[in-house]
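Let me begin by presenting the structure, written as structure tokens, before commenting on it.
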Amino acid sequence: MDPWEPPSDPQDLQAFMANYQLMMGSVHAPQTNDEMVDALARSADLSCERSDQILEAFRKVDRGIFTPEAASPRNRYCDNSPIREGVLHLSATTIYAKVLEALELSKGLSFLNIGSGSG
């Protein structure tokens, strides 16, 4: 697939546009976990009263520890892009934020995401 050609699937278009803006230098790419969370806070459209708690959870667990060692900071912390390398697939952080919001987790509860394949 040509990385400069927009995808035909509308669901992939948002991620394509975010990556295109990053490639063209019109948007600062997050280089750290905190920068990624700040970008997530601006873009995720979280609407629940627990938004601050969700963002704090992202701050406590550094996405970089789950990414391939060879990944650049831009690839580790880009908030709108999934990571796919071999059998590893990490969804975009906005997906995880929306899932956490929908689950309505409270203190003492947790969840485990095991290869749902939902992107």
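Per-residue surface analysis assigns residue 67 an accessible area of about 10 Å², computed on protein heavy atoms at 1.4 Å probe radius. The listed residues 50, 42 rank as 42, 50 when sorted by accessible area, largest first, using a 1.4 Å probe. Subtracting the Cα-Cα distance of residue 50 and residue 102 from 0.36 nm times their residue separation leaves 17.7 nm of extension gain. Relative contact order for the stretch 31-87: 50 percent, from Cα pairs under 8 Å spaced at least 6 residues apart, divided by residue count. A probe of 1.4 angstrom, applied to the heavy atoms of all protein chains, finds residue 114 with accessible area near 130 square angstrom.
The values are calculated or read from the model by the stated rules, or taken from the named source; none is laboratory data. The structure displayed is predicted, hence computed values, not measured ones. Note: accessible area is taken over every heavy atom of the protein model, side chains too, but ligands, DNA and RNA are not part of it. Shrake-Rupley method; radii C 1.70, N 1.55, O 1.52, S 1.80 Å.
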